[in-house]
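The values are calculated or read from the model by the stated rules, or taken from the named source; none is laboratory data. Computed from a predicted model, the values in this text were never measured in an experiment. Note that we place each Cβ from the backbone using ideal geometry, even for glycine, and neighbour counts take in every protein chain shown.
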Amino acid sequence: MLRLLPWIALLALAGAGCHKKPDQDHGKATPAAGSVGTGAGAQGGPGAAGAAPPAAPLDLEDPKACAACHAAIVAEFTDSMHAQAHHELDPIYRAMRTLRIAKEGEQIPQACARCHTPRAVSAPDSELARAGVSCATCHNLAKVELSAEARGVEALRFAEPTMLRGPHDVAPGKAVVHGTGPAQPALADGTTVCLACHGEERNPQGLATCATGVEHAGDERSCTSCHMPEVPAPNGVAGTRPTHRSHAFLGPHRAWQHGDLSLFAEHLSVSGRFEGKRFIAVLHNRAAHSFPTGFPARLAMLAMTGFDAKGQQVWSNFAKDPLADHPDAVFGKGYVDAEGKPTLAPYAAKMARDHRLERNEQRELGVEVPPTVARVELALKLWLVAPLAAQKLSLTGPLTEPRVILKATATR
Ligand code: HEC
Ligand code: HEC
Ligand code: HEC
Ligand code: HEC
Ligand code: HEC
């Protein structure tokens, strides 16, 4: 594990030597009430703000160690899927990893670790790996080298062990407990660092499975502009600006873990109108990539339910099997093996269906409805794991149940 240079450790210990117990010193380095929201420390880091460096040497690999000075960011990050990217913390990842180890062998853990625990690729079961896509993954960077072959850690060139750079130019020596330097361009542009892992992944047959970066190519909106919205508070006592960008990395899991639908509400919309005998549902994807993007087993469906003038349900677009009843209202990818049978993306020979919404796409779905229908309720549902995939992965429980991510009503 990477430790501080001895002289910094000495400095930290010297700070603990003024007739105080070490825990009191540590208390001093945690954000004092009031100092987080007020922007105290605007003239510099904790040195200027009066926060002492922690008594123990800073462990760059441990996100909790950053809380003394960057508390707001650590709290956000702890809730994020980057903090839960390890197999012991994410049941969906664990299920797929276990299945692939059984089918493909012992090289799988390291193959996955390239992106899920990139600071511990050769030791995916170590304590170090549990930190997942940790702070150091993105901040201890010298540069990011994107290429068609490099995936995750292969594209990330790490800097000398104590260096942590962000989106701003920070003078050397400013943080005392870790190195600082000029802005890291791969973070400052809001996209390059993300593409190291979210660019494109292919299965052993060479078929693209996740392709968020490819879907986004040519779009000027940065990944951080939507996934790291600005928070009106400094990043902690070390914050030198009144705002910082959220490290919760907003994504679909937040709907299951926190009931947070803000990302969907802001960039997707659904509405509907009657046209004679027909009802037209309108879906608009304003995200800078397809919907749903990323992990290929995600699935969305638009359920339409018709009510008569008395409020009785008289119609619905899905009766038994959505794919048979109203395939146009089912949004996802379908993978098949060499024989054409549905299979999980890693074992697929072909993508048989891609009915997702492209970026900026507005799609109309017209259906004939009975004349008695006076009102249609629309519900856009999302599955983290499509039912067939959940079955193949032996996954059950709340993570396999859909969530309604958007609703709308239209009356005749
Ligand atoms: C003892 C306090 C302290 C601790 C602990 C600490 N930092 Fe810092 N950090 C600072 C200060 C002070 C700055 C400089 C802030 C400035 O001038 O804007 C800084 C700057 C940074 C920057 C550059 C920010 C930017 O605006 O570009 C990053 C990234 C960073 N720290 C990451 C971390 C991480 C990751 C950890 C935990 C492994 C950590 N820090 C632990 C005090 C600390
Ligand atoms: C997946 C990559 C990633 C991870 C993981 C990550 N960061 Fe960041 N961080 C960023 C990006 C990108 C920015 C720049 C956002 C912006 O445009 O302002 C940033 C900005 C920062 C800043 C500057 C905030 C300011 O005041 O403007 C600090 C400090 C920081 N991160 C600390 C941390 C700490 C501490 C952790 C772990 C608890 C962490 N980061 C984890 C990508 C990451
Ligand atoms: C204009 C806003 C916007 C921008 C820019 C954007 N996204 Fe998204 N992203 C969304 C929305 C909305 C969702 C949720 C719907 C979905 O899954 O498509 C999402 C979902 C995601 C997910 C979750 C997929 C899943 O189900 O696990 C990932 C990962 C992601 N985006 C990565 C990126 C990356 C990487 C970039 C930059 C290359 C980026 N996004 C740019 C809006 C945006
Ligand atoms: C080192 C690889 C790596 C980098 C760099 C990285 N990510 Fe991720 N990201 C992951 C992994 C792995 C997951 C999935 C974790 C899981 O679900 O187990 C993930 C998940 C996500 C999600 C989905 C959250 C959810 O709720 O499902 C979003 C959004 C996201 N990342 C955005 C970003 C953005 C924005 C950046 C750039 C600032 C970035 N990531 C950089 C590896 C990375
Ligand atoms: C190129 C980087 C990369 C590699 C290598 C990688 N992943 Fe991922 N993985 C991601 C990213 C990024 C996500 C975030 C979700 C998304 O894009 O939708 C993710 C998400 C997942 C998810 C969905 C988790 C959830 O909670 O919804 C599973 C399952 C998964 N990966 C399994 C694996 C397995 C198993 C391996 C190894 C065989 C692996 N991944 C290798 C980047 C990678």
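Of the residues R298, R245, R241, which is under 15 Å from G190 (Cβ atoms) and either within 16 Å of ligand 1 (Cβ to nearest atom) or charged (D, E, K, R) (or both)?
Of R298, R245, R241, the one residue that is under 15 Å from G190 (Cβ atoms) and either within 16 Å of ligand 1 (Cβ to nearest atom) or charged (D, E, K, R) (or both) is R245.
Filter segment 310-363 down to the residues that are of a type in the set (A, V, I, L, M, F, W, C) and within 26 Å of V376 (Cβ to Cβ) and list them by number.
Within segment 310-363, V314, W315, F318, A319, L323, A324, A329, V330, F331, L357 meet the criteria.
Look at A248 and say whether it is part of a loop (DSSP other than H, G, I, E, B) and within 13 Å of the chain's Cα centre (by Cα).
yes
Test of understanding: among E76, E145, E106, which residue is away from ligand 4 (no atom under 12 Å from the Cβ), among the acidic types (D, E) and within 16 Å of the chain's Cα centre (by Cα)?
The conditions single out E76.
Here is a yes/no grid of residues against (1) more than 10 Å from ligand 2 (Cβ to nearest atom); (2) over 17 Å from H70 (Cα atoms); (3) in a loop (DSSP other than H, G, I, E, B):
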position	(1), (2), (3)
P161	yes, yes, yes
A171	yes, yes, yes
Q205	yes, yes, yes
V214	yes, yes, no
R221	yes, yes, yes
S225	no, yes, no
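Of the conditions (1) of a type outside the set (K, R); (2) surrounded by 17 or more Cβ atoms within 10 Å (Cβ to Cβ); (3) within 16 Å of ligand 3 (Cβ to nearest atom), F279 satisfies every one except a single condition; which number is it?
(3)
Which condition number does S222 fail, the rest of (1) small (G, A, S); (2) surrounded by fewer than 19 Cβ atoms within 10 Å (Cβ to Cβ); (3) away from ligand 4 (no atom under 16 Å from the Cβ) being met?
(3)
I'm trying to understand the selection: among the residues of segment 255-269, which are buried (at least 17 other Cβ atoms within 10 Å of the Cβ) and touching a residue at least 60 places away in the same chain (Cβ under 8 Å)?
Correct list: A255, L261, F264, L268.
Which of the residues belonging to segment 251-291 are among the aromatic types (F, W, Y) and either assigned to a helix (DSSP H, G or I) or outside the structural domain of N317 (by TED's automatic domain parsing) (or both)?
Scanning segment 251-291 gives W256, F264.
With at pLDDT below 95 and on the phi < 0 side of the Ramachandran plot as the only criterion, which of P292, P204 stands out?
The unique qualifying residue is P204.
When both residues are 6+ apart or on different chains and their Cβ atoms are under 8 Å apart, which pairs have a first residue that lies in segment 124-141 and is charged (D, E, K, R), and a second that is at pLDDT 95 or above?
Pairs found: D125/P109; R130/H86; R130/E88; R130/L89; R130/T117.
Determine whether D79 is within 30 Å of G236 (Cα to Cα), charged (D, E, K, R) and within 12 Å of ligand 5 (Cβ to nearest atom).
Considered against the rule, which asks whether it is within 30 Å of G236 (Cα to Cα), charged (D, E, K, R) and within 12 Å of ligand 5 (Cβ to nearest atom), D79 comes out as no.
Since K64 meets every condition but one in (1) at pLDDT below 95; (2) within 16 Å of ligand 2 (Cβ to nearest atom), which condition does it not meet?
The failed condition is (1).
Anything in segment 182-223 that is touching a strand residue (DSSP E or B) at 6+ places or on another chain (Cβ under 6 Å), over 30 Å from V336 (Cα atoms) and away from ligand 3 (no atom under 14 Å from the Cβ)? List them, or say none.
Q184
Would you mind stating whether A196 is closer than 27 Å to A67 by Cα and outside any loop (DSSP other than H, G, I, E, B)?
Answer is yes for this residue.
Which count do you get for residues in segment 90-130 that are of a type in the set (A, V, I, L, M) and either touching a Pro at 6+ places or on another chain (Cβ under 6 Å) or outside any helix (DSSP H, G or I) (or both)?
4
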